[in-house]
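K.L.:
Would you mind keeping the following structure in view while I ask a few things?
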Amino acid sequence: MASTEASETTPTRGYSATRDQLTKRLRRIEGQVRGVQSMVEEDRYCIDVLTQISAIQAALDKVALGLLDQHAHHCVMGAQEGPARDEKTDELMSAVGRLMRRG
């Protein structure tokens, strides 16, 4: 019975259904970052290092856009109309703003 209570109080995240895929992608990005670290330690050509950094940023952007999409569909659209949905929309737009200012 305690597990029923825990499942009722534990919030479901928008990315819960794709958590395994998301984790796999983030691990791949982690490996890319370690690869860049090795490139720097090996004193590799600057442009090659920058190319890999650009690839990592693109991969992270793809993860972020996926999370934003899932948040919009699950958390914002799933919220009751009114203050709760307005708050979730404001959170979403703040997150978009932070991602856009990254450069």
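No lab work stands behind these numbers, since they all come straight from the coordinates. Just so we're clear, the structure is a prediction, and the values are computed from it rather than from any experiment. Backbone-built Cβ (ideal geometry, glycine too); neighbour counts: all protein chains shown.
K.L.:
Go through the stretch 36-45 and count every residue that is touching a residue at least 12 places away in the same chain (Cβ under 8 Å) and over 21 Å from the mean Cα position of the chain (by Cα).
P.N.:
Matching residues across the stretch 36-45 total 1.
K.L.:
Please determine, by comparing only the residues of the stretch 17-28 that are hydrophobic (A, V, I, L, M, F, W, C) and within 12 Å of the chain's Cα centre (by Cα), which one is nearest to residue 70 (Cα to Cα).
P.N.:
Ranking the candidates gives 22 first.
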